[in-house]
1. Assuming a ≥ b ≥ c are the square roots of the Cα gyration tensor eigenvalues, decide whether region 27-125 counts as rounded (a/c under 1.5), prolate (otherwise, with a/b larger than b/c) or oblate.
2. Apply the a/c threshold of 1.5 to the C-alpha gyration tensor of region 1-73 and tell me whether it is rounded, prolate or oblate.
3. Which distance in nm do the two modelled labels at L174 and M19 give, with both placed 7 Å along the Cα-to-Cβ direction?
4. Once amide H atoms are placed 1.01 Å from N in the peptide plane, what residues at a sequence separation of 5 or more from N79, or on another chain, have their amide H within under 5 Å of its amide H?
5. Please arrange C17, C29 by accessible surface area, largest first, computed with a 1.4 Å probe and ligands excluded.
6. Normalised radius of gyration for region 1-43, please: alpha carbon Rg relative to 2.2 N^0.38 Å, two decimal places.
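The values are calculated or read from the model by the stated rules, or taken from the named source; none is laboratory data. None of the values given here were measured: they were computed from a predicted structure. Note that we place each Cβ from the backbone using ideal geometry, even for glycine, and neighbour counts take in every protein chain shown. Protein only, heavy atoms only, side chains kept; ligands, DNA and RNA dropped before computing areas. Shrake-Rupley method; radii C 1.70, N 1.55, O 1.52, S 1.80 Å.
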Amino acid sequence: MYQHVIKRALDIIFSLCMMPLVALVVLVCGVFIKLEDGGSIFYNAPRVGKNGHPFTMYKLRSMKINAPDLVMEDGSTYNSSSDPRMTRIGAFMRKTSLDEFPQFINVLQGTMSVIGPRPDLEREVQLYRGNEARKLNVLPGITGYAAVYGRNALAWRERLKLDVYYVEHQSFSLDVRIFLKTFTAIAAQDGIYAQGDQQPISLQSDTLNADKPHKPHKKR
């Protein structure tokens, strides 16, 4: 009952309440994004959702136009505080998680939940091992268990373990804990970037195009 009815109702109510703030964030940050390089305000990020269905996740663009797709040895996306692909306003939005606010639109569309595992790229899903694909049994979330208990400071496989743990123990009380922990994690800026600011070992030949939706197997 909670997972299929109550949680969905709470998602809709909370997201509707957030819409005025989402509009304000998009307006203010959008002005700075445009002033910095004149490019698109939004990045339409292809991701894999519940039951393996692809969807477009909405974000405010934090990277330079046509930035290359950098990946780590384990296949996860490169993430670093010294990432040269980020714009100045993009670095600020990453630290404060403001770039994620448009995802409340995804919640209203039913492709995401407020709380759930963070969605992966198609190329990352293809690297799942063992029971890691169980994270696809639920809607992906704006925030989640792995997102607040370790975030990018954890190795990608460790984050997947936490995602599976969440799927197997999903409850109202756990969601409340994650929801409250989200605020402290953002305030403390815990785990935004990978430990040690590791350097990427692989460079995808394709580049980002922030103005259009992308095919999951080619873009990040």
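1. oblate
2. In terms of gyration-tensor shape, oblate.
3. Output for this residue pair reads 3.1 nm.
4. Amide H to amide H, under 5 Å and 5 or more residues apart or across chains, N79 pairs with A194.
5. Per-residue accessible area, sorted high to low, gives C17, C29.
6. 1.70
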